[in-house]
1. Of (1) over 25 Å from His98 (Cα atoms); (2) touching a residue at least 24 places away in the same chain (Cβ under 8 Å); (3) of a type in the set (Val, Ile, Thr), Thr126 satisfies all except one. Which?
2. Hey, can you tell me all the residues within the range 76-103 that are crowded, with 16+ Cβ neighbours inside 10 Å and outside any helix (DSSP H, G or I)?
3. Go through the residues of the range 107-122 one by one and say whether even a single one is of a type in the set (Val, Ile, Thr) and at pLDDT below 95.
4. Take Glu144 and decide whether it is of a type in the set (Asp, Glu), without any contact (Cβ under 8 Å) to a residue 60 or more places away in the chain and either closer than 19 Å to Leu14 by Cβ or surrounded by 14 or more Cβ atoms within 10 Å (Cβ to Cβ) (or both).
5. Considering only the range 9-66, give the helices (runs of 4 or more DSSP H) lying wholly within it that have at least 2 residues that are over 14 Å from the mean Cα position of the chain (by Cα) and aliphatic (A, V, I, L, M).
6. Tally time: how many residues in the range 75-92 are touching a residue at least 12 places away in the same chain (Cβ under 8 Å) and not aliphatic (A, V, I, L, M)?
7. Specify the residue that is surrounded by the fewest Cβ atoms within 10 Å (Cβ to Cβ); the eligible residues are those in the range 107-121 that are aliphatic (A, V, I, L, M) and assigned to a helix (DSSP H, G or I).
8. Please name all residue pairs, on different chains or six or more residues apart, with Cβ atoms under 8 Å, provided the first residue is in the range 6-31 and is touching a residue at least 60 places away in the same chain (Cβ under 8 Å) and the second residue is aromatic (Phe, Trp, Tyr) and crowded, with 17+ Cβ neighbours inside 10 Å.
Amino acid sequence: MVRELSYNTISEVLDSWEALRRIEDYEEQAGLLLFRRLFDKSPRAKLLFGFPIDLDVHSDTIKNSRRFKAHAMYLIQMIDSSLNMLGPDIELLTEIMHALGEKHARFGVLAEMYSQMGDALIEAMTVLLGEGVMNEKVVEAWHETYGALSGDMIEEHVKYDLGE
């Protein structure tokens, strides 16, 4: 699925990601904001991280959790690595996305959480970068790119769920 992205789509995504990378502590800021948005959309996702489902996502509990903060930053680093692989290492990227899909299925992530994560990512970027950078064209490019990346993950996730 990632193979089908156009040069223009990839360019829009990479340019906006580069703008995000220029923000001080972008990994922590983007990661925490992304997960807060995800938890707003999918309270059940909190359980996957050992948080009670009724936890206020805007409390300091999440921000002060070293384990959680490390995971949030790791996710941003993984997105960064994935974006750097668009184009030159597309086959390897597809293999990595498949492996991540299976891994997330084993951890109890639900298939519908992938789209919620994508929406949370785009919302977090829009908050941090503003609509000047995250305009309609860029947001559409992100939806397309994230959809392709997560599509490869979901493909393997479904196989895992079916026992294949």
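1. Among (1) over 25 Å from His98 (Cα atoms); (2) touching a residue at least 24 places away in the same chain (Cβ under 8 Å); (3) of a type in the set (Val, Ile, Thr), the lone unmet condition for Thr126 is (2).
2. Hit for the range 76-103 is Leu86, nothing else.
3. Yes: the range 107-122 contains one or more residues that are of a type in the set (Val, Ile, Thr) and at pLDDT below 95.
4. no
5. Working: elements: 26-41, 45-48, 60-64.
Fully inside the range 9-66 and qualifying: 45-48.
6. Matching residues across the range 75-92 total 4.
7. Met113
8. From residues that are touching a residue at least 60 places away in the same chain (Cβ under 8 Å), the pairs are Glu12/Trp142; Val13/Trp142; Ser16/Trp142; Leu20/Tyr26.
The values are calculated or read from the model by the stated rules, or taken from the named source; none is laboratory data. Predicted model only: the values in this text are computed from it and were never measured. As a convention, Cβ positions derive from the backbone with ideal geometry for all residues, glycine included, and neighbour counts pool all protein chains shown.
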